[in-house]
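Contents: one structure, followed by commentary.
The values are calculated or read from the model by the stated rules, or taken from the named source; none is laboratory data. From a predicted model like this one, the values you see are computed outputs, not experimental measurements. Cβ placement follows ideal geometry from the backbone for every residue including glycine, while neighbour counts extend to all protein chains displayed.
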Amino acid sequence: MPNTLATDAAARRSHEQTPPWVSTHPATAQANQLVILATGGGKRYLITLRPGQTFHTNLGHFQHDDLIGLPLGTTVHSQLGNAVLLLEPSLSDLINRIKRNTQIIYPKDAAYLVHKLSLRNGDQVIEAGTGSGGLTIALAWAVAPAGRVYTYEVRADNYQIARTNLERVGLLDNVSMFQQSVAEGFRQQGADAVFLDVRTPCRFLDPVRAALRPGGFFAALVPTTNQVIELLADLERKSFADIAVEELLLRQYKVVPERLRPDDSMVGHTGYLVSARPVVDPTDPGRWLSEERKRYAARKEFEAKVQAEEERRRAERPDDGRRYPRLPLP
Ligand SMILES: C[S@@+](CC[C@H](N)C(=O)[O-])C[C@H]1O[C@@H](n2cnc3c(N)ncnc32)[C@H](O)[C@@H]1O
């Protein structure tokens, strides 16, 4: 019988002795690569480096050829001598700088959704509506290179803008786009996760169930509490479990180490994230509701019984429950 602890320790030692890994990210700016030019004033320009082209800003212009081949993270200067920082774009840079035709998901919500939907390389995830493709970028980023996003959008203009945005950030190869309403159902089955960002997600729980693998991950983003309540009622009716309602508040800080404090304003409300898992329990799916939900239901049932008993007793006493008979009126 091999001593597994000893084997593990040997594997760990050999791993620790390997030389530092080589990053898969290019160390220098490449032709046809997306880069960020960040100014001291907080502006961030997302551009694709194309040989022979010029990028114009109010700080002066930059020749793409001068930037190609420079190490990322380098300070570069316009012809007017103004400095900007050449950076590799982050996921937030990509999402925040796409062309918009709709409200797009905020990075805080997109990041948490990837976590709630438990996405990883290789997953198959369905999304509707595509909108401007903001969330599609985050989903594709999470499941690439082996996974795929299947995204549905009913409006032709939004579909086209999202397509252009995805192509620009280089993620279109990981996405299948459908210009189609969720009401017609999804074309996929056995998906690992489904996410809805449409006005009435509660209307589409049957297509969601049909598309998800058993125990897969479902989530929706809705802006009002009324929509959350509607969705909760339907999730319960359609035997979803592990239901959660969450809201994220993100506070930015003024980066002054000697006087560190939050920004004066913050984004107050973006949306409520509702997540759930479809369960298979033909006899009693209600057993998987939260303890609070079951306690509340039990209390309501008890109150209804008490009320019914009071009504029954009242009906048995024609004197309306008085101890003494009514005196005749003068
Ligand atoms: C708020 S936007 C989605 C924004 C997107 N999450 C993003 O980050 O860019 C909602 C989109 O859903 C689309 N939509 C509404 N109902 C739909 C339906 N039944 N089927 C497919 N798309 C729908 C709308 O046209 C709109 O583009």
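What the table below lists for this structure:
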quantity: Residue selected from region 170-184 under the condition in contact with a Phe, Trp or Tyr (Cβ under 9 Å, 6 or more places away or on another chain) and assigned to a loop (DSSP other than H, G, I, E, B), by the criterion farthest from the ligand (Cβ to nearest atom); calculated: 171
quantity: Qualifying residue in region 136-159 (condition: within 11 Å of the ligand (Cβ to nearest atom), closer than 30 Å to residue 214 by Cβ and surrounded by fewer than 22 Cβ atoms within 10 Å (Cβ to Cβ)); calculated: yes
quantity: Residues located in region 108-123, provided they are away from the ligand (no atom under 11 Å from the Cβ) and either buried (at least 22 other Cβ atoms within 10 Å of the Cβ) or under 21 Å from residue 213 (Cβ atoms) (or both); calculated: 114, 115, 116, 117, 118, 119, 120, 121, 122, 123
quantity: Residue within region 235-250 that is in a helix (DSSP H, G or I), within 16 Å of the ligand (Cβ to nearest atom) and not acidic (Asp, Glu) present; calculated: no
quantity: Scan of region 175-195 for residues that are within 19 Å of residue 147 (Cβ to Cβ), surrounded by 19 or more Cβ atoms within 10 Å (Cβ to Cβ) and not charged (D, E, K, R), ordered by number; calculated: 175, 177, 178, 186, 191, 193, 194, 195
quantity: Residue that is of a type outside the set (D, E, K, R) and within 10 Å of the ligand (Cβ to nearest atom), where the choices are 126, 105; calculated: 105
quantity: Pairs, first outside the structural domain of residue 186 (by TED's automatic domain parsing) in region 128-146, second more than 6 Å from the ligand (Cβ to nearest atom), C-beta under 9 Å, six or more apart; calculated: none
quantity: Index of the failed condition, residue 262 passing every other in (1) surrounded by 15 or more Cβ atoms within 10 Å (Cβ to Cβ); (2) under 26 Å from residue 105 (Cβ atoms); (3) of a type outside the set (D, E, K, R); (4) more than 16 Å from the ligand (Cβ to nearest atom); calculated: (1)
